[in-house]
1. Only residues that are touching a residue at least 12 places away in the same chain (Cβ under 8 Å), among the small types (Gly, Ala, Ser) and not in a helix (DSSP H, G or I): list them for the range 16-43, please.
2. Would you point out the residue of the range 196-222, among those that are part of a loop (DSSP other than H, G, I, E, B) and either modelled with pLDDT of 95 or more or among the hydroxyl-bearing types (Ser, Thr, Tyr) (or both), that is farthest from Glu130 (Cα to Cα)?
3. Conditions first: (1) buried (at least 18 other Cβ atoms within 10 Å of the Cβ); (2) free of Cβ contacts under 8 Å to residues at least 24 places away in the same chain. Leu181 passes all but one, so which condition is the exception?
4. Based on what the data block shows, is Thr9 among the polar types (S, T, N, Q) and over 28 Å from Leu186 (Cα atoms)?
5. Only one residue in Arg40, Arg63, Arg17 is in contact with an Asp or Glu (Cβ under 7 Å, 6 or more places away or on another chain) and among the charged types (D, E, K, R). Which one?
6. Exactly one condition in (1) more than 15 Å from the chain's Cα centre (by Cα); (2) buried (at least 16 other Cβ atoms within 10 Å of the Cβ) is false for Thr66; which is it?
7. Quick check on this structure: which one of Leu59, Leu86, Leu96 is within 21 Å of the chain's Cα centre (by Cα) and part of a loop (DSSP other than H, G, I, E, B)?
Amino acid sequence: MSKDKNSLTVFRDLTIRGTIDNIASLGDAIQKQLPSQWKRDRAKEIENASMFGDAGPLLVFERSTTDDLPAAGVAMLTVGETVSVLNIVPLEKHQLSIAEYNALLVELTEQAIRQATNSLGLSCELGSDEKAITAWMSEAARTALQRFSQLANHATGSSHPMDQQRWFSFLMQCHQDGCTLDTDILQRWLIEIEGWSPDRASDLAIEYEFAQALLKFAEHQR
């Protein structure tokens, strides 16, 4: 469970900003700072560069397996005067946990990227590993969701008429406010923060997705 009552543990992001000329030297500067378990993969940079059109350059770094962290690849893309992490993917296992993803990003940042950006006069911002639910929805929608969750019968979900009304209020509020909440975040919040069972949380997430699509369709038909 997250440290804050209404926050979820999330994948951290990394954003580097500066002048185009200085950013052009970033790959080489990071490579000079890499610890022994990390390497730069120039072949993959060249192989995948065409996928991103005018954006670039693409930077790819790979880490070998150690006792504390799995093998993984980190892809970073430059767009104008900003460099950000596209993704971190496992090289020897099916999936990285959020904790592993964040640990890999922190290690690369603190052991190589930060020194490189400092030497080039670039800013380097490592995002938080927690986000409040209001990062994806309005305060009004959060209040409606929490009211539903705390008063609903967790065994029956939204099926009871009174629970259904509170659930509908949340769904309408989300639609009206243009919330960016997706089903994965909703399901995780219900399970990790509010203590719903995975099955019931999944049912509610499916209902949420259908309702948002239906409400958007109905709005466009007016």
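1. Gly18, Ala24, Ser25, listed by residue number.
2. Out of the qualifying residues, it is Ser197.
3. Against the list (1) buried (at least 18 other Cβ atoms within 10 Å of the Cβ); (2) free of Cβ contacts under 8 Å to residues at least 24 places away in the same chain, Leu181 comes up short only on (2).
4. Judged against the criteria, Thr9 is not a match.
5. Arg17
6. (2)
7. The unique qualifying residue is Leu96.
Yes/no per residue for (1) touching a residue at least 24 places away in the same chain (Cβ under 8 Å); (2) of a type in the set (A, V, I, L, M); (3) assigned by TED's automatic domain parsing to the domain that holds Thr78:
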{"site": "Ser97", "(1), (2), (3)": "no, no, yes"}
{"site": "Ser123", "(1), (2), (3)": "yes, no, yes"}
{"site": "Ala144", "(1), (2), (3)": "yes, yes, no"}
{"site": "Arg166", "(1), (2), (3)": "no, no, no"}
{"site": "Trp189", "(1), (2), (3)": "yes, no, no"}
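The values are calculated or read from the model by the stated rules, or taken from the named source; none is laboratory data. Every value quoted in this text rests on a predicted model; they were computed, and no experiment measured them. Neighbour counts are summed over all protein chains in view; Cβ atoms, including those assigned to glycine, are modelled from backbone coordinates with ideal geometry.
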